[in-house]
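The block underneath contains the structure these notes are about, expressed in C-alpha cells.
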Amino acid sequence: MVNENPNRRHMRSIERKANAETDCAGIAPTRMAVGGCLGVAVASAAALVLPTFVTVGLGSGAFGGAVTLHFLARRRAKLLSSVAASEADLRTALAQANSASAAQSKFVAMVSHEIRTPLNGVLGMAQLLKETSLDPAQADYVKAIDTSGRALLGLIEDLLDSARIEAGQFELKPSACNILQIVEDVADIIAPRARAKGVDIATYVSAKVPKEVMLDAARLRQVLLNIAGNAAKFTASGGMAISATVQENSLQFAIEDTGSGLNAEDQAQIFDEFMQVSSGHTRSHEGAGLGLSISRQLVRAMNGDDQAAITLESAPEKGSRFSFSLPIVKASNDKVSSPSQIKETVSLLLAKTPARTALAQTLQELGLRVTNNLKDAAPTVIIADETIDVPPELASTDVPVYWLGSPGQRQNAGVQGGLTRNWLTWPVRRETLERLVSHDLKSAPKKEQALPVPQIKPKKALSVLVAEDNPINALLVTALLGKMGHHVVRVETGRQAVNAIQTGRGPFDLVLMDLHMPEMDGTEAIRRIRRWEKQNGQQRLPIVVLSADGQESAREDALAAGGSAFLLKPLDIDAVRALLKGNALAA
C-alpha cells in the first residue's frame, strides 16, 4: 500500500466536507424559504473568515495555502449562487402571488358587473311595478321579487368587499358624520324585519357622544347593519337595541337582542368566513356567512389595529350582545342635545327587553323619571305596548297615553272605549321623544292613510341623452324618465353618444352614461365630450355615470374623466329622482 501524503488526505477531507455543506446549503432555501436564505447568508459570511484558521491547520507551506484558497473559493461561489437562486425563487413566488391576487380581484369585479347588470333590470322593473295599480296578490309577488333581488345584491356586496380586503384594495374615507343619525337610520332599516315578527327595536345614543366625529360613515353603517341584521334574523320574539356610548376616549357601540343565543363552540368560529351557526341542508336562515367576518375586518381597519375585535357575549336561549369600539376624532365639540331636567314621570308599560332599556335610558337623559307601572308615582306621560290589555286605570286617566307599535297598526289610533289612542312606532327617534317631553306632540288621533303613487312634476321637461347598450336597462331608465315627464334619446355606444352631442342632435340638458359599452366605453366618451366642450367654448353638460362596476377605481376613473356624478347599479329609483328633480345637478 502506498502511503498518502497527510496534507493530501487532509485536503480531500476538507473538500468532501465543503461539498457536503454546500449541497445542504443549496437544499435549505427550497425547504425553508426566507429562513433558509438567512442560513446560507450566515454560512457565506463564515466562509470569508475560515481561510486563516484552515491555512494554519494545513501548515504554512505554499501548496497547502493554495489548495485551501482554491476549495474555499469554490465553496463560497456555490453558496453565493445558492443565495442568488433562492432570492430569484422568492421574487418569482411573490410575483405569482401578486398576479393571482390581481386576477382574483379582476374576476370578482367582472362577475359582480355581470350579475349587477341583469339585477338592475329585475329590481328596477319591480320598483316601477310597485307604482302601478296592483291587486293584493300582485303586490305580494312584486314584493317577493324585490326582496329576493336585494338579498342577491347583498351577497354580491359581501363577496366584493371580501375580495377587496384580501387583495389590499380597501381604503377608508373618513368624513364628519353624525353618530345619532347613523344609529337611528340603521334601526329604521332593520325595523320592518324585526317588527314583522313582533320584535321591539330601539336605539340609545348617550348625550356624551360628540355630535360629529371623523369616521367612514358608510363603513360604520355597514358594520351596524350586518350585526343588527343578524340580530333581527335570529330573534323570534322580545326585543333588540342599538346603542352608542363613550368610554374613556373611544366610542362604544353595542347591539343586544333576546334571540336564540350561541354556545361556546359557535362563538369561537362565528367570525370566520362563510361560517353560519346552522349549516348544511337543515339551516333555517339564508346568507353566505360573510357579514360578521367583513365587519371584524372593517372594525380593525377603522381602529388601525389588526388585533381590534368585536366582542361577543352570549349563551343559548339567553340572547346575544355584540360590541366594538372606535377611536373618537371630533369634528365638532357639540354633543348630542339633552334638554334640562324637567322632573316629570313617564310610565313604560312595555315588556322588559333591550328595546325597553334603550328607550328608558333616552327618556332619563331627557330629564324624565321612568317607572315600570302606574303605582310607583303619578305619571305625567304613559307609553304602553299596543298589544297589552288596557288596564282599568288607563280608561279613566287624563294623562296622555302613547301606544307603541308598528306603522301598520295605526288604524287602531283614535278614540276606543273612551280612551284616546295616540301613536308612536318602533323605533322611536330621539327627536320624537324630545317633542313628547316638551308636550309638542299632538293628542289628536291620526289614522293611517295609503301612500299615494309618487308623481314627480319637474320644473321643466328635460332632454336626456341615455347611453346604454343593455336593452332592458335602457327600457328601465327610459320608463323612469318618461314617468317623470322627461324626453329621452337613447344611443347604444360611447361613440354614438359623442356624435349625438357634437352634431347637435339635442340639445341635451343631461347625459346618463353607462361605462361598459361596445366600440367606445363611457370613460373615453366622457373625455372626448369634455375636450370638445373646451375646444368649442361650450358649457359643461351634466354627465351622470351609471355602472354595474362596483370597484372604487371605476368610480374614481369616471369622475376624473369628467363625470358629474356616479350611480351604481342596480339603480335606486329614489336616488335617480333626487338627482334629477328640478335639474339641480351641477356639471
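The values are calculated or read from the model by the stated rules, or taken from the named source; none is laboratory data. Everything numeric in this text was worked out from a predicted model, so none of it was measured. Neighbour counts are summed over all protein chains in view; Cβ atoms, including those assigned to glycine, are modelled from backbone coordinates with ideal geometry. Note: accessible area is taken over every heavy atom of the protein model, side chains too, but ligands, DNA and RNA are not part of it. Shrake-Rupley method; radii C 1.70, N 1.55, O 1.52, S 1.80 Å.
Some points to look at:
- Among the criteria (1) farther than 25 Å from Lys173 by Cβ; (2) over 20 Å from the mean Cα position of the chain (by Cα), the one Val246 does not fulfil is (1).
- Against the list (1) within 15 Å of the chain's Cα centre (by Cα); (2) in a helix (DSSP H, G or I), the condition Ser148 fails is (1).
- Residue among Ser278, Ser284, Ser260 that alone is surrounded by 16 or more Cβ atoms within 10 Å (Cβ to Cβ) and at pLDDT below 90: Ser260
- Matching entry among Ile328, Ile310 (being farther than 30 Å from Lys233 by Cβ, at pLDDT 80 or above and open to solvent by less than 40 Å² (accessible area, probe 1.4 Å)): Ile328
- Filter result for the condition that a residue is open to solvent by 20 Å² or more (accessible area, probe 1.4 Å), modelled with pLDDT of 85 or more and closer than 22 Å to Gly149 by Cβ, over Leu567, Leu559: Leu567
- Only one of the listed residues (Ala97, Ala84, Ala73) is closer than 30 Å to Ala163 by Cα, modelled with pLDDT of 70 or more and of a type outside the set (S, T, N, Q). That residue is Ala97.
- Residue check, Leu546 in contact with a helix residue (DSSP H, G or I) (Cβ under 9 Å, 6 or more places away or on another chain), under 30 Å from Asp146 (Cα atoms) and at pLDDT 85 or above: yes
- Segment 186-216, subset closer than 22 Å to Leu366 by Cβ and open to solvent by 40 Å² or more (accessible area, probe 1.4 Å), residue farthest from the chain's Cα centre (by Cα): Lys208
- Val223 meets each of the listed conditions (1) modelled with pLDDT of 95 or more; (2) not in a strand (DSSP E or B) apart from (1).
- The residues listed here are Arg577, Arg490; of these, the one that is under 30 Å from Lys130 (Cα atoms) and in a helix (DSSP H, G or I) is Arg577.
- For segment 457-483, residues that are modelled with pLDDT under 85 and among the aliphatic types (A, V, I, L, M) total 1.
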